[in-house]
Structures are given as C-alpha cells and as structure tokens.
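Below is one structure, written out as structure tokens; the observations come after it.
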Amino acid sequence: MLWGLLSRRRRLFILMLLLVLVGVMLMFSLRGQLPKTYPILEAQSETLVVPCEISSVLDEKACAIILKIREPELAGNYTLTHIRVYYTISGSRGGNYTVYAIIWNGTTPIIGKGFTYLLEENPRYEIAAIYPDRFMADGYRTELANINLTETKNVSVIFLTNSYFDSFNVDKVILTYESSRTYPALTYIDPDVAKMATIYHVALNFVAPLPLIACIYAKYYSRNISHKDLLILSIIGVSLRLLIAPFTGHSFDIEFWKAAAREYYEAGTIHLESWPTMPLYLYLLLFSYSFYALLKFLGFQDPYFLAHPTGMVEAIFIKLPFILADAASFYFIVKILGRERAEGKHVFYGSLYFFNPLIIYLSSAWGMYDTLALSFLLGGLYFFFVKREFQAATILFILSGLTKPFGFTGYALLIASTIFKKEYKQLIRALVIGISATLLTFIPFILLGGIHALFTHFVGRITHTTTQLPSWQGLAYFRQGLPLYPWSYLALITLILLWYTCTAGRKRMTILNVSVAMALLFFLHYLCYHIVYTQHLSWVVPFLIIIAYLKRKATLAPYTLLYSLAPIIFCMSGTTIGYFAVGKPYYYTPLLNVGAAAYSLTAIIALGFYYLFFGSKTDDRVGRVFASETIKITVIYVTIYFITYYCSINILFHLYYVILFAWFIVICIALRVATNKMRVWW
C-alpha cells in the first residue's frame, strides 16, 4: 500500500539502494570464500650475475642478472601466469634494462617480456611484473642471444641492460598460478573460428551502430519523445554492448581486473603494487564482481572463449560498470541539451555518444574505465547547470576524478565558479566534500599497499620521476614537435585553463563555456602530452556533441562520429585487427602502420580546431550536412594516412613534416571554400 503511494523516482531510488546494500553485503560475506583457482605464493630465489664482456667496462660490472626461482609445491593442474619481483637496483645513469621471464615446458623455453626501466646511480626500489599475455614459445630469442638459456631452468627472471648494473638485491618474489590455464600465445585457435569472431566483433561494434544512429535521426529528430522512448533506446544500447562483452576484451588490461577480483574473493587479500589506476574503480569492480562471485559460490561453471583470460560471464560482470555508465551518460547528455525537456534532436545528439563506435569499443569490447569517469563528469555538469544541486554536482565531480584524474577538471571549474561569484560558503563546502571524499577513498587503498602503483602510474609519469618506460607512446612521441617535457605541458594547459575560466567567469559560466574549455584542454592534451593512450581520446567526444548542438554547428556532429574511428585504427595498428575478438594478436596487415595511424590521427585532432571555431552554423538539413561532411572528413583522413604511410616506407620519410603541414593548410582552405559553396548550393 505504502509502495504505491511513492513516486516513480523514489521507488527507483529505493530499489537502487537495496541493490547497493546487497552488493556490499556480498562483498564482505564472500571475501576469501571462493574455490582457489588463482593461488598467489611467495617463492625463494638465487641470483646469478652475468659479467660484461666489453673491454671498456670493468669486469665486476654486470650486464645481465639471472634470478633462478624455486617454485613452491602446488598440488593440481596449475599454470604459472604472473611473476612479480620486488628488488633494489642501481647502475649506469642513462642506461636502461628490460625484464624477461623464462618458464621451461619440457625442452621448450616459454619466454615472457616485461617493461623497460631506467637505471639510476643510487639504489632504487622497484617492482617488476611479467603478465601471461607477454609469454611466447621461443619468443624474444634474438634479444637474449647472449644469455645461456640452459642456465635458466626451471623458472628464471632475467634483467638485461644496455649498460651495466652496480648493485642488485631481491626483497621477495611472488608467483601467481591459475588452474587449467594456458598462455594466450600457446592457445591453438581454429583460423575459421578466429575469423568469425573478428567479423562478429567488427559487425556489432563498428557497423551496427551507424544504421541505428540513422534510424534514430529518421524516427525521432523532428518530434517529441517520452520516457518510454528513452528507456527503449537505453535497452538497445546496453543490449548491443552485452552482445559484445563476453566475446571480446583487451587481454592485458582485463587480466588486471580479473587478478584483483579473484584474489579478493578467493584469498581474501589484494596485491595492489601494480594496480594501474585510481582506487575508486577497484571498489566498483569488487562490487560488480560480487554478484558473479555469488554465482561461482553456488557452483556455476563459466566457459572460456578462445584465448581470453576470463570466463564469458565473468567478462560481463567486469565490464558492467562501464556499460551502465554509457547508458547514464546518454541520459545526462539528453537532459543537458534539453534542460529536462527531451526532444527528438536531443536524443539524436545523445545517440552520437551512446552509439559511438569508440565509446562502445572502450566499454564493452576493451573493458576500460574512461567512460565511467566521463559518466560521473557529465552527471556533475547535469546537476550543476540543469538541476542547480551544488552538493550532488560536487560529489559527482569528485567521483569522476577519483576514477581518473582528468575528471578533476569539472571540480576545478566548480571551484572557479564559486570564487568568481564570491560564494565563499559554497567554496568551503566544496573543499570539505572534496578533501573528505578523497581521504575516505585513498586510506583503504594505501593500507592495502597501493601507494607504489599510485606513484608509478600517476605522480611519477607527470613529474618524470618514474623509471618505467611505457611500451606504448602518445601522439607527441611520433611527431616529436610540440612541447613534450611535462612541466612545459602543464604550464601551457594551466595558462589556457586560467585564461578561459577568467573570460567565462566575467561573462557567466555556462555549460557551453565549460564544454569549449574541456574540448580545448583535451585536444591540447592529445597534441602535447608524452603519453596518450587510445582510451584518452574518448574524453573530448561528449563535449564536442554538446558544442555541436548548443552552437548549432551541424558540421561538428559528423566530425565527432568520424573522429572516433581514427583512435580505433590507431589502436589496431599496434594490436592487430582481431586482438580484441581472439584474445591475442590476430590478422596483421602491413597497411595498418603505427606511424601513419598516429600522424593521420594528429591531423584529425587538428581538424577538430577548425570545426570547433569555423564550422558552419546551421540546424537545417542535418542529414545532408552529415553526408557531405562525412565524405570530406573521410577523404582527408585517408589521404593523409596514405601520404604518411608511403613516406614512412620510402626515402622521403624525412619530408613528412613538411608534407603533412602543407597538406593540412591546403585542406583547411579548401574546406572553408567548399563549405561556403555547398551551403549556397543547398
């Protein structure tokens, strides 16, 4: 009786609260209760020094260190998958070293490769890890040509430097095993099955969303819609992602999420020394995984697909926070554009995000948490500008930043707004909420041993104090042109942020001003920062969509959609086309050139500045504008891609900067003329 008197919003809130309570109860009650399929043990080791054979180097200097590991006794069918070495090391400043692991399968060495680290003269504490997707049968033989591999039985870790080591001391070695698991590189996969899996992924991720967007435009653009229509579209978007999630994944990243969750629910502890992100996602992962842990506790047997490191249902629960975050972002964008009144055009622009191939790629295929941070950020903007609920906006901005640091940009703009408006009570309230939420989030994380990971992956990268060299660099690495040193990058970003917030503060801070500021910051980040991964390139997408609608820039809408395809090609050039579908590299083609993909992506990002400031202002005939701009942007991208591709494989490679710059200037001029002509013609 009482339930029927409640409003729909209150009933939904109560149901969500009950779901959260159930998840939290499962998190604590199932901790350490699942069967041990993922044992983590400490092992003994013995150090063997390989002296340098170069006459200019003293004999006592070591050019390689072999760490022989004695595996602990373990009953059952287990495969050694992770090796973590905790050690102190010093050597020739300016040199670097790479970590390898060798596991013998009979007479065949299975060799894995870890990261590369910088050497320093003063001893430095490090944690080196080798993950299962980095092991290959007889792999990396040429890199270890000077090492006598017969000395490495049974399990060994090799530290190989291009200079020399001065000191080396092992603290401990942690081995992780997994039951009934083979290394992805050693997993046999039928070529026909791999081909069908790749086609399935490409069809659902890249082909299916485009006609869905076209149907939404045709059906909804010119009419009002109801909450039921929004719900139907949300179900379609979530269902599309759920069809992709169990059959895809980025093996390297998914392995992190799986390792943390399984260790917690099987052993009751977590080793966070190599946790690669902020702490909030760890808590959300354990919450989402708790429902899967309940299924396992009840005896559910989860099948594996091809070479993927997780079970199919397990992959769904790991990715579920990202998938639901996409639906929430769709809702927030529609409400931001419509100011609580949803019309067809608002839904169309929201669908450019919800059915964007890059967003689907990250959340449901990859299993990456950037879209989760975006959801919190968009929610903060919705509550700040539309609902005018300061506390809710503050909390969501903080949650966004605690998921990924770029989310703190919303919190910074909120602080700037209170200062410009001289609302000092609100300023104090925002600071108290921010500091309290940050401390509450970080204290358990630090107590669990995550401080090393936090320093390595965030603080060290920004301040250039980390010794770990990333295996995949950003766009600035390929161009080698704009300011790369982090302090000059930070100075540039800070100056632009201060200038724009001051300008916007005088006029009145609006959702449009904030969106333009966000777009400028993220574009400059992509062009200037020294480490830009594919997932970072999604940050700008929702803000370009908001700008396209609020400034009536119809030409910016198709750019937003086509821009998203360039990062995917950039990613595939380094991982192969079928990596996400198969679980290991599959179907490499020489046409996917990393350099060409990086240069053409850089040009597309630069083209974004053109559409941001010079795109035509029209809200009529969106379909025709969409078609014409799609053709132009595709021609630009393909042309630049193949120009840089042929320059990179011929003797004209040193001219690519001149060619790229000149070609881009010509295209900008031609685009401006063509846009005016086509607008007059139509």
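The values are calculated or read from the model by the stated rules, or taken from the named source; none is laboratory data. Computed from a predicted model, the values in this text were never measured in an experiment. All Cβ positions, glycine included, derive from the backbone under ideal geometry; neighbour counts span all protein chains shown. Surface accessibility is based on the protein's heavy atoms, side chains included, excluding ligands, DNA and RNA. Shrake-Rupley method; radii C 1.70, N 1.55, O 1.52, S 1.80 Å.
Can you bin region 248-309 into rounded, prolate or oblate? Criterion: square roots of the alpha carbon gyration tensor eigenvalues sorted a ≥ b ≥ c, rounded for a/c under 1.5, prolate for a/b above b/c, oblate for the rest. Oblate is the answer for region 248-309, as a/c is 1.5 or above yet b/c matches or exceeds a/b. With each label modelled as a point 7 angstrom along the Cα→C-beta vector, the ASN96-ASN148 pair spans 3.0 nm.
When each of the peptides 384-391, 247-254, 89-96 is scored by the mean number of other C-beta atoms lying within 10 Å of its residues, the order from highest to lowest reads 247-254, 89-96, 384-391. For a test of the definition: using alpha carbon positions, the gyration tensor, and the 1.5 limit on a/c, classify region 533-597 as rounded, prolate or oblate. Verdict is prolate for region 533-597.
With a cut-off of 12 Å on the backbone N, the residues of region 159-190 near the modelled label site 7 Å out from THR37 along Cα-Cβ are 178-181.
Charge dipole (Cα centre; +1 on Lys/Arg Cβ, -1 on Asp/Glu Cβ; no other charges) of region 383-447 amounts to roughly 180 debye. What you get for region 149-289, charging only the Cβ of Lys and Arg (+1) and of Asp and Glu (-1), is a dipole of about 780 debye around the Cα centre.
Checking every one of the chymotrypsin sites (Phe, Trp or Tyr not before Pro) in region 153-213 against DSSP loop status and a limit of 12 other Cβ atoms within 10 Å picks out TYR188.
The spacing between region 377-408 and region 75-119, judged by their C-alpha centroids, is 42 Å. With respect to the cross-link table entries LYS36/LYS584; LYS319/LYS422; LYS296/LYS584; LYS228/LYS387; LYS195/LYS553, which display a Cα-Cα separation exceeding 31 Å? With Cα atoms farther than 31 Å apart: LYS319/LYS422; LYS195/LYS553.
In a simple Cβ point-charge model (Lys, Arg +1; Asp, Glu -1; nothing else charged), region 307-429 has a dipole of about 560 debye relative to its Cα centre.
Between the listed residues ILE189, TYR289, ILE216, the Cα displaced farthest toward the positive end of the dipole of region 184-319, a dipole computed from Cβ unit charges relative to the Cα centre, is found at ILE216. Between LEU431 and PHE613, the simple label model (points 7 Å from Cα in the Cβ direction) yields a spacing of 3.6 nm. The simple Förster model, with R0 at 45 Å and r as the Cβ-Cβ distance, assigns THR630 and TYR424 a FRET efficiency of 0.35. By the gyration tensor of its Cα atoms, with a ≥ b ≥ c the square roots of the eigenvalues, what is the shape of region 123-266: rounded for a/c under 1.5, prolate for a/b over b/c, or oblate? Prolate is the answer for region 123-266, as a/c is 1.5 or above and a/b outweighs b/c. Computed from the C-beta positions of GLU121 and TYR588 and an R0 of 41 Å, the FRET efficiency is 0.50 to the nearest 0.05. On the basis of the beta-carbon distance and an R0 of 30 Å, GLU389 and GLU343 show a calculated FRET efficiency of 0.85. Solvent-accessible surface of region 261-381, taken per residue with a 1.4 Å probe and all protein chains present: 23 Å².
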